[in-house]
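The values are calculated or read from the model by the stated rules, or taken from the named source; none is laboratory data. No experiment lies behind these values; they were computed from the predicted model shown. No Cβ is skipped: glycine too gets one built from the backbone with ideal geometry, and neighbour counts run over all protein chains shown. Side chains included, ligands, DNA and RNA excluded: accessible areas come from the protein's heavy atoms. Shrake-Rupley method; radii C 1.70, N 1.55, O 1.52, S 1.80 Å.
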Amino acid sequence: SGLHRQEGSGDVFYLPWGLLGILVGLTTFFLCFYTNHCFSRYMKLYGYVRDLLQQVSELVQELRLRIPNAEKGPKIEGARRTIMRYAVLSIYLFFFYMSNKEVSDKEFLTLHSNRLLKDDELS
């Protein structure tokens, strides 16, 4: 009765325990292989994303260092802020696009509410 049937009992679902050992071994191997593949792929993408964010951080640092403050002129300060805003905006758009293969209206409104998009840029 149940799962423990005698060998040769004629049950359609009977499988000898010796064959299960091979099946369990193969399943374990492929599960470990697939998990290792997924993890290595994740680590590769993680490295790319860190490099990308590092480049934006360096851009912002260079802008703060090389472009003078507002006392040199409000137009220069505005240009520096615009460049920084567009750099951060491009990163957000990249991640939104990569997650959904499009940028939805809701995501554009999120960018607008975070002041990365201005009113005239939203339309």
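Values for this structure:
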read-out: Residues being in a helix (DSSP H, G or I), of a type in the set (A, V, I, L, M) and more than 19 Å from ARG81 (Cα to Cα) - total across the stretch 94-123; value: 2
read-out: In the stretch 70-86, the residues that are at pLDDT below 70 and within 24 Å of ASN114 (Cα to Cα); value: ALA70, PRO74
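Matching residues to (1) open to solvent by 80 Å² or more (accessible area, probe 1.4 Å); (2) without any contact (Cβ under 8 Å) to a residue 60 or more places away in the chain; (3) more than 28 Å from GLU62 (Cα to Cα):
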| site | (1), (2), (3) |
| --- | --- |
| ALA79 | no, yes, no |
| ILE83 | no, yes, no |
| SER90 | no, yes, no |
| PHE96 | no, yes, no |
| GLU102 | yes, yes, yes |
| ARG115 | yes, yes, no |
| SER123 | yes, yes, yes |
